[in-house]
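Single-structure report; data block below.
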Amino acid sequence: MNRVLQFALLRIMNSFKSTPRFYLDTSVLGGVYDSEFDEYSGLLIQKLFQGEFIAVLSEITHKEILAAPQNVIDLVSTPFSRQV
């Protein structure tokens with residue numbers, strides 16, 4: 001196999017290795033501020049900030065966040081969040 005073809009094949013194979021995506025809902029986001037769930041939700045959010053995965057929020061979750069406490073709204077408004 002020639003070098004150009006090897007390079008092209010390698011690029012195609014690497015394109016399938018993307019950052020994992022997790023669908024989050026308001027209970028996970030609000031769990032950061034709930035003593036019962038803060039350990040796990042906090043760890044999840046920390047890994048999100050570190051770029052280990054991408055958070056995906058549904059339209060329903062976006063609407064629920066609008067009615068959530070301000071600290072949850074602020075959490076979602078941080079730089080890690082973006083429209084996909």
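Just so it is clear, none of the values below were taken in a lab; they were calculated from the coordinates. The shown structure was predicted, so the numbers you read here are calculated from the model rather than taken from an experiment. Here Cβ is always computed from backbone atoms with ideal geometry, including for glycine, and neighbour counts include all displayed protein chains.
Of all residues in the range 55-80, those satisfying the criterion of being closer than 16 Å to Y33 by Cα, surrounded by 12 or more Cβ atoms within 10 Å (Cβ to Cβ) and either small (G, A, S) or touching a residue at least 40 places away in the same chain (Cβ under 8 Å) (or both) are A68, V72, L75, V76.
Restricting attention to the range 26-54, the residues that are surrounded by 11 or more Cβ atoms within 10 Å (Cβ to Cβ) and either on the phi > 0 side of the Ramachandran plot or touching a strand residue (DSSP E or B) at 6+ places or on another chain (Cβ under 6 Å) (or both) total 3.
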